[in-house]
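The values are calculated or read from the model by the stated rules, or taken from the named source; none is laboratory data. Source: prediction; values computed, not measured. Counting neighbours? That spans all protein chains shown, and the Cβs are built from the backbone with ideal geometry, glycine included. Note: areas computed on protein heavy atoms with side chains; ligands, DNA, RNA excluded. Shrake-Rupley method; radii C 1.70, N 1.55, O 1.52, S 1.80 Å.
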Amino acid sequence: MDNWDEVRTAYQVARMGTVSGAAEVLGVHHATVIRHIDAIEARLGVKLFQRHARGYTPTESGQDLLRVAQATDDQFNQLVGRLKGQGDDVSGELVVTSLASFAPMMVPALQEFQGMHPGLIIRYLTGDRLFRLEYGEAHVAIRAGNAPDQPDNVVQPFMKQQIGLYAAKNYAEKYGLLQGLEDIPNHRFVGQDDEGSRAPYSRWLRANAPAEAIAFRCTDGFTLKAAVQSGAGIGFMAAWEARQQPDLVEMMPPQKDWEGALWLVTHVDLHRTTKVQAFLAFLKEQVKDWQL
């Protein structure tokens, strides 16, 4: 095959399932994607995809190409990740990933670290997708929950995220303070809309509050915090973040059962590079203030 662009396009169409999805990943116009698919199918003399209303599904030949392209793309990304981590100075790109809910904590820290190293370009990737360190998608990941167990990763405890119950001052003025567990039915709560959430504090709320008391439900942490700050009800928030909000009132202090563990994760190939070690050391100093 003498045109890797066409192979890469076919790989992304197979992976994403749609022309528009592949175009977004590749950063090209959807017409370019269609042209590449038509060209590679004509060159090979086989159909790589079945077209249908919902998108593109790989044929048996398309699945064969997908496996080869996946292996090639993975190996190339792994090489790029290793090369980016080389060098004795703190410069170039530093790619950090976490859940979006950690952004208020991480963005100021990343900005300060960049100020210490002006030659650094920060890429902060957030979202629910698990970015794959083994393929060079990030240098450092901050992950929540149980200790990550992916092979070839270096996992270090980062911090225990203290979680408390808070409400806006206007809510407290209208409904009063929460007077212990027996007072829960007399209040309104902001909670997650996902009944299956495994977050310790969400399980606690479902176990201790009547369903009708969880009167405002959200699908993400940013909306939950906005609802609490607006006075919609009592809700959970990280203690370090709540301390920065003068219009919030603590309704119940952080409980051990609500804590969430955060982990620093790096890939073994990049763990000891100067850039990664400098950033890890910096974060470990920052966390001392976050846990006050």
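At a probe size of 1.4 Å, how large is the accessible area of R123, to the nearest 10 Å²?
90
Could you list, in their original order, any pairs among K169/K288; K160/K275; K174/K256; K160/K288; K225/K284; K160/K256 whose Cα atoms are separated by more than 21 Å?
Among K169/K288; K160/K275; K174/K256; K160/K288; K225/K284; K160/K256, the Cα-Cα distance tops 21 Å for K169/K288; K160/K275; K174/K256; K225/K284.
Using a 7 Å offset from the Cα along the Cα-to-Cβ direction at both K174 and T274, what is the distance between the two label points in nm, to one decimal?
5.7
Among bridges DSSP assigns within the chain, what percent are antiparallel (round to 5)?
Bridges in the chain that DSSP calls antiparallel: roughly 65 percent.
Just from its helices, what would the mean residue ellipticity at 222 nm be for the chain, if runs of 4 or more DSSP H residues each count -39500 (n - 2.57) and the sum is divided by every residue, rounded to the nearest 500 deg cm²/dmol?
-13000 deg cm²/dmol
Just V90, V154, V13 to compare: in a GNM of the chain, with alpha carbon springs under 10 Å, which one fluctuates most?
Answer for the Gaussian network model of the chain: V13.
Would you please calculate the Kirkwood hydrodynamic radius of segment 115-230 over all C-alpha pairs and express it in Å, rounded to one decimal?
17.6
Calculate, for the chain, the solvent-accessible area per residue in square angstrom, rolling a 1.4 angstrom probe over the heavy atoms of the protein chains.
53
Run the simple label-point estimate for A226 and Q156 please: 7 Å along Cα→C-beta, distance reported in nm.
With each label placed 7 Å out from Cα toward Cβ, I get 3.6 nm.
Which order do the peptides 242-255, 97-110 come out in when sorted by mean C-beta neighbours inside 10 angstrom, highest first?
Ranking the peptides 242-255, 97-110 by packing returns 97-110, 242-255.
Compare A232, A172, A53 in a GNM of the chain, Cα atoms joined below 10 Å, and give the one with the largest fluctuation.
Looking only at A232, A172, A53, the largest GNM fluctuation is found for A53.
Over the chain, what percent of the accessible surface lies on carbon and sulfur atoms, probe 1.4 Å?
Solvent-exposed carbon and sulfur of the chain make up 50 percent of the total.
Return the equivalent ellipsoid semi-axes of the chain as a descending list in whole Å, where each equals the square root of 5 times an eigenvalue of the C-alpha gyration tensor.
So the equivalent ellipsoid measures 43, 27, 16 Å along its semi-axes.
Counting only C-alpha contacts under 8 Å and six or more residues apart, can you give the relative contact order of the chain as a whole percent?
21
In a Gaussian network model over the chain where Cα atoms closer than 10 Å are linked, find which of H117, H30, H271 has the largest mean-square fluctuation.
Fluctuation is largest for H30.
Using Cα positions and a limit of under 19 Å, work out the aspartates and glutamates in reach of K47, with same-chain residues fewer than 8 apart set aside.
Excluding near neighbours in sequence, the set is D2, D5, E6, D38, E60, D64.
Could I have the simple spin-label model distance between H52 and E182, label points 7 Å from Cα toward Cβ, reported in nm to one decimal?
6.0
If you stretched the chain out fully between Q111 and A71, how much longer would it get, using 0.36 nm times the residue separation minus the C-alpha to C-alpha distance?
Working it through step by step, the gained length comes to 10.8 nm.
Can you work out ³J(HN,Hα) from phi for every residue in segment 31-45, in order, using Karplus 6.51 cos²θ - 1.76 cosθ + 1.60 and θ = phi - 60°, giving whole Hz and x for Gly and Pro?
My calculation for segment 31-45 gives 5, 5, 4, 4, 4, 5, 5, 4, 5, 6, 5, 5, 5, 7, x Hz in order.
Could you give P(r) for segment 186-292, binned at 5 Å from zero, as whole percent values over all Cα-Cα pairs?
For segment 186-292, the pair-distance distribution reads 2, 10, 18, 19, 16, 11, 9, 7, 5, 2, 0.
Would you work out the relative contact order for segment 163-257, in percent, from Cα pairs under 8 angstrom that are 6 or more residues apart?
51
Across segment 186-202, in residue order, what do the Karplus-derived ³J(HN,Hα) couplings come to in whole Hz, using 6.51 cos²θ - 1.76 cosθ + 1.60 with θ = phi - 60° and x for Gly and Pro?
8, 10, 10, 10, 9, x, 6, 7, 7, 5, x, 4, 9, 4, x, 6, 5
Contour minus end-to-end for R129 and A215, with contour as 0.36 nm per residue of separation and end-to-end as the Cα-Cα distance?
Roughly 28.0 nm would be gained on extension.
Take the alpha carbon gyration tensor of segment 85-139, find the square roots of its eigenvalues, order them as a ≥ b ≥ c, and report rounded if a/c is under 1.5; if not, report prolate when a/b exceeds b/c, else oblate.
Oblate, because a/c is 1.5 or more while a/b does not exceed b/c.
Taking R0 as 35 Å, what's the FRET efficiency between Q245 and E93 from their Cβ-Cβ distance, rounded to 0.05?
The value I calculate is 0.60.
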